Amino acid sequence: MKKLRRSAGHIHHDRTRSDLFESLHDDIVISVLCKLSSTASSPSDFISVFLTCKRLNKLGLHPLVLSKSGSKLLAVRAKSWCDEAHRFLKLCVNAGNSEAYYTLGMIRYYCLQNRGSGASLLAKAAIKSHAPALYSLSLIQFNGSGGLKNDKDLRAGVALCARAAFLGHVDALRELGHCFQDGYGVRKNIQEGRRLLVQANARELASVLRVFDIGAPNRMDIEFGLFSDYGFNFNLIGREMHPVNKFMVEWFGSREENPGPGLRMCSYDGCGRPETRKNEFRRCSGCGKVNYCSRGCQAHDWRMHHRVECAPMEEWMGHAIDDVEEEDDRNGDDEVMDDRPV
Ligand SMILES: [Zn+2]
Ligand SMILES: [Zn+2]
């Protein structure tokens, strides 16, 4: 009897709670869902909202909520890619979400090889000042991706890269610094190039120290040794891979024959970009065994792995990555792509 009474009380309590929820105005529920969609740490955080009840399912798909979805909510896994996932990203795109423009743009451009639609989505994100989209478009211009070697547009690459760098994108800062140092797509200005490289290093250091301050239990856990371009180094344990890069690494890692016969992946395992034609990426002149889509990827891979794997002679002779397609205009410069301590 006691048990029965207790369960009756429980039901009554639940009913009151559900009534309270029903009495909340849609605007309040939508504003809570907006907060959740922008801070969700994985898609499953939000899927559980959809499954809770019909009302949450409906309001969860409200354009305002979808427009706020953050990169982690949009983090589809390559092995879970399906029409449903594609449809959800499209809904977010239709709601004007620039993170969704970027994610779907990269997936369509590189994985589904739908270059036109992918590039157009990336451009839409870039117009909304989405720094990774601006940087990705700049690499497409620098590499002439999706076209022929002659389709490279260095000036457009520099312009896009400069905009991404202005918005604080560290890889874009580094790329731009090297462009100035090499006179690549812009008038050569070694001093300005060095200034930008120092700035890129300082920003990297700041981001590592920030993570370090929040999370690392012991300050000595971070290995300080070399700091990228100018003689310092430390492991970038604080660097977080963008979910779409994870997607691409997984996508191409799980399929044979991909990205296509004779086409290579960027050797930095945090990138996932494939070549869109043979010999599109530049290779390491030290060993000739690795190739990168960009300076940013070369710099990261050098610090993470490649400095201990590259040919030992390079330890003494300097280090560069060659553009195998463009011997004439890139290799002639003795400072190109030097990412070693000086
Ligand atoms: Zn790369
Ligand atoms: Zn090498």
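Taken together, the values in this text are just the output of simple stated rules run on the coordinates, not laboratory data. These numbers come from a predicted model, not from an experiment. Reconstructed Cβ throughout: ideal geometry from the backbone, glycine too, with neighbour counts over all protein chains shown.
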Worksheet, complete the sentence: So for R0 = 22 Å, FRET eff. of VAL32-SER129 from the Cβ-Cβ r, to 0.05, ends up at 0.20
Response to the item:
Between the modelled labels at LEU24 and ALA202 (7 Å from Cα along Cα→Cβ) the distance in nm is 4.5 nm
Fill in: Fraction of alpha-carbon pairs over 15 Å apart in region 19-65 - percent
39 percent
Worksheet entry | Ranked ASP153, ASP83, criterion: other C-beta atoms within 10 Å, fewest first | ASP83, ASP153
Worksheet item: What FRET efficiency do you get for SER41 and SER120 if R0 is 35 Å and r is their Cβ-Cβ distance, rounded to the nearest 0.05?
Response: 0.75
Practice prompt. Quick one: order CYS34, CYS92, CYS53 by neighbouring beta-carbon count within 10 Å, fewest to most.
Written response: CYS53, CYS34, CYS92
Worksheet item: According to a simple spin-label model (label point 7 Å from Cα along Cα-to-Cβ), what is the distance in nm between CYS82 and LEU51?
Response: 1.3 nm
Worksheet item: What list do you get for SER44, SER294, SER71 if you sort them by fewest beta carbons within 10 Å?
Response: SER44, SER71, SER294
Fill in: Computed lengthening from GLN113 to SER254, 0.36 nm per intervening residue step minus Cα-Cα distance
49.1 nm
